[in-house]
Structure formats: C-alpha cells, structure tokens
Amino acid sequence: MPGIYFHIPFCKQACHYCNFHFSTSLRNKEAMLPAMLRELDLRKDYLKEKELDSIYFGGGTPSLLTAAELMLFFDAIGKYFTLRPGAEITLEANPDDLTAENIRALRDTPVNRLSIGIQSFREEDLRFFNRAHNAAQARACLEKALSAGFSNLTIDLIYGAPTTSDKHWAENLDIFFSYGIPHLSSYALTVEARTALAHFINTGKAPAIDEEKTARQYEYLLASMKAHHYIHYEISNFALPGHFAVHNSSYWRGEAYLGIGPSAHSFNGESRQWNVANNAHYIRLLANPTGLPNLSGLPEVFEIEYLSPATRYNEYAMTGLRTIWGVELSRLRQMGAEYESYFLSHIRPFLETGLAEQEGGIIRLTDAGSLMADGIASAVFIVGKDDLSRNP
Ligand code: SF4
C-alpha cells in the first residue's frame, strides 16, 4: 500500500557532508506550509489507493515544525486519505530539537516513530560533521524519547569519518546497543560534490576518505549487528524482527508513493517525478495555480520521467541487490525472458566468486558482495538501451 513523503526543506545549519535540499534561512517557513498543503490538495488523486500504510516527514529537519504545524498536515491528510490501522508515521528529528517539552507535544500527534539524526555519540565527529547537536544531546534525546514512550525509534550513525577510529566506531555501536533501539540506519561518510566536505578535502583542510578503514568499519558493523540479532535487510539498514521500516521498504519494493514539498520525489508505477528544489520558486508556483484542477498544468513544479523497460529493469536490479529480498528471477521473466537471461549472464561472475548467491529463484548479494553493491549493480545494468527486446 502507498505512502506519502513530506519534505521539510529547512535546517538550523548545514552539515558539511550533506547534499540534500534545504535552506538554513527560515524566512520562507511560514509560507511553505500552505504551499505544501496546496500541493497535497492538487495531487490528492496521484495515488490510486486512498488507504495509506505510511507517512514520512523527512528533510531537511522536520523536527523544526511545531506540533501544531504538524497537525495541519494530519488534518489535510484526513480529508483525502485514511490510514491503515497501525500505519507507520515517521518524523525525522535532530537531537537538539528533541527537548522534553517537544517530545511530549509530539506524543499528542499521530507520529509513532522517530528517526533521529544522531550520526555519532562523539563530540569530535559531530564537530567534524558540523552537526547542530553535541554528544550530550545525542544521548539525552534518546533517554527522553524512550521515557516518553517512543519505543519505535531508529537512529542514523556514520562510519568512515577521518575523526572516527575503529575503536571509536566500536564505542558508537556499543552505545547504540545499550539503548535497545530496534532499528539502525548506518552510512559510510561519502563526499558529495558541492559540499563543504568536498571543498575541505580538495583544499587539503581535511584528509581524504580512507576507503580501507571505511570497508573495515562496514565489516565490523555487519558482524556486530548480526551478533545482536539485527537483520541486515537493506545495505544501510538493520532491524530487529518486526521493525523493518515500512515507508522505506515500500520504496525498495517498488510501491507507489507521493512526495510533497520542494525536491520531493513521487512514483506511481509508471513514472517518477521530482519537484523543483528551490523553496522560493516552489512557494511562488503553488501560491497561485488558478484554475488548475491538478498539477499536470504546472510543469514548472516538477520534472517527470516515464520509465522505459530498461530503466525498470535497472531500478529493480539495483534495489533488489541492495535488499534482503534480492532479485526474483520470476519478476525479471515477467519483464521478458531477455531481461532474465541478461541479468543471469551479467551476475554469473559474481555468483562464481561468492559475491552473490542464489537460493531457488532469488539472487542476492553476500556480505562480501554488499561491500561493492554499487559496482555489482552497475555491472548488471542495461546501458544505452530503452528496451532489450527492441534493441537486442
Ligand atoms: S540536518 Fe540533515 S538535512 Fe540538514 S544539513 Fe544536516 S544532514 Fe542535511
């Protein structure tokens, strides 16, 4: 069943590694909410189904919204959609926003899952990342959230930073385990173009990423999570049984979702579209869509890509290889026998070298293969063709 994503494009300060869409000026925050609600109204029929499995507030920093502002979204959702009983409603939150008072206010909203951007429990890492919170706040917010009854928590942790030794990484994970949190998203520090981190490395102000250390820390992560009975269900995501992220899993399983807000993406099974990544422009476009029954008359708001058969295959191969669900050969066969045989011939070297494994009709990466998931995915991609059957 489908989900809705709301992109809240504001942050208190810019983390050095981040290339998401956000503004550190809150000037447009007041005008942003009505614009997003207007977009929701215009696009309420984008999803075929009206019962939602998940709602996700991401960003940016959704915890900059007050509980009253969040309720405006829930009121609007209630006009057009129903929620499946037990639907997952996640809010991404930064530790410095999670005061006892804010957490209490959040408990009075429908939010039932917090995704907390801890990134590290160590001061030195947090300063290197330019996070707005400190190490004490990283721990305090977890204690407050748990004691307020938010048991469905997930946190983010970053490994591979120049400030994170192997010992520090092990300590970070130990702190995570000590809280009994059921879900972890853990990412290697990556250097994205046009970020402060890229600039620091290019100008010698920060050392380059040590790839060997990053691989070592990833391997340590896999072993520790396994030892603590977490399931590695997506390359960067681990959960105790029964705690897989519903919203993100639906992305990985190719289900439909509607994305609202600047830079938000949507998918309806046939096409992907992504909204303009400019707050002021987005607000201007949504402020006066006079006479438009839906956003199809407002091409400036989003770009759209209709998925060719080869793009569908590439997307399925990539997400399948990144998840516990793997690539189902029967799904490839439904796309056409030529897609199944293309995949089998290109994945064979990885099966032979133990980087991938086959179980019945499913092929997935092994732990060793997951270290080079992007490279393996690109080796099985169809490049430069829209359709294998028309362009053998
Ligand atoms: S708080 Fe999140 S979205 Fe904002 S700059 Fe930091 S990592 Fe990026």
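None of the figures in this text is laboratory data; all of them are computed from the coordinates on show. Note that the coordinates shown come from a computational prediction; the quantities given were computed from them, not determined experimentally. FYI the Cβ positions are ideal-geometry reconstructions off the backbone, even for glycines, and counts take in every protein chain you see.
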Give me the lysines in straight-line cross-link reach of LYS50: C-alpha distance below 23 Å, same-chain residues under 8 apart excluded. LYS79
By the rule of no other cysteine beta carbon under 4.7 Å, the lone cysteines of the chain are CYS11, CYS141
Under 13 Å Cα to Cα from LYS213, which aspartates and glutamates show up? Leave out anything in the same chain fewer than 8 places away. ASP166
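Taking neighbour Cβ counts within 10 Å as the exposure measure, how do LYS213, LYS226 sort from fewest upward? Numbers along the way, then the final one.
Values: LYS213 18, LYS226 13.
Starting with the residue having the fewest Cβ neighbours, the order is LYS226, LYS213.
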In percent, how large is the relative contact order of the chain, given Cα pairs closer than 8 Å and 6 or more residues apart? 16 percent
In whole Hz and in residue order, list the ³J(HN,Hα) couplings for region 122-137 that follow from phi through the Karplus curve 6.51 cos²θ - 1.76 cosθ + 1.60, θ = phi - 60°; x for Gly and Pro. 10, 4, 5, 5, 4, 5, 4, 6, 6, 6, 7, 10, 10, 5, 5, 5
Can you work out D for region 196-331 in µm² s⁻¹ from Stokes-Einstein, where Rh is the Kirkwood radius over C-alpha pairs, the temperature is 37 °C and the viscosity is 0.692 mPa s? 176 µm²/s
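Count the DSSP beta bridges whose two residues both fall in the chain, then state the antiparallel fraction as a percent rounded to the nearest 5. Walk me through the numbers before you get to the answer.
Details: 22 of 53 bridges.
Expressed as a percentage, antiparallel bridges in the chain total about 40.
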Amide H contacts under 5 Å for ILE231, placed H, 5+ residues apart: ALA239, LEU240
Mean shadow area (nm²) of the C-alpha convex hull around region 46-98 is 4.2 nm²
Calculated Rg and Dmax of region 309-380 using C-alpha coordinates, Å: 10.8, 30
GNM on the chain, C-alpha springs below 10 Å: top fluctuator among SER178, SER25, SER186? SER178
Amide hydrogen neighbours beyond the local backbone of ILE260, cut-off 5 Å, H modeled: TYR5, PHE6, HIS7
Have a look at GLY320, GLY180, GLY117 and tell me which one the Gaussian network model of the chain (Cα, springs below 10 Å) gives the largest fluctuation. GLY180
Distance between modelled label sites at GLU352 and ARG107, nm, 7 Å Cα→Cβ extension: 6.0 nm
Over 38 Å, how big is the tail of the calculated P(r) for the chain, in percent of all Cα pairs? 21 percent
What list of ³J(HN,Hα) values in whole Hz, one per residue of region 194-208 in order, does the Karplus curve 6.51 cos²θ - 1.76 cosθ + 1.60 (θ = phi - 60°) give from phi, with Gly and Pro shown as x? 6, 10, 4, 4, 4, 5, 4, 5, 5, 9, x, 7, 9, x, 5
Among LYS144, LYS50, LYS167, residue whose mean-square fluctuation peaks in a GNM of the chain (springs only between Cα atoms under 10 Å): LYS167
Using θ = phi - 60° and the Karplus form 6.51 cos²θ - 1.76 cosθ + 1.60, what ³J(HN,Hα) does each residue of region 272-281 get, whole Hz, x for Gly and Pro? 10, 9, 9, 7, 4, 9, 8, 4, 5, 5
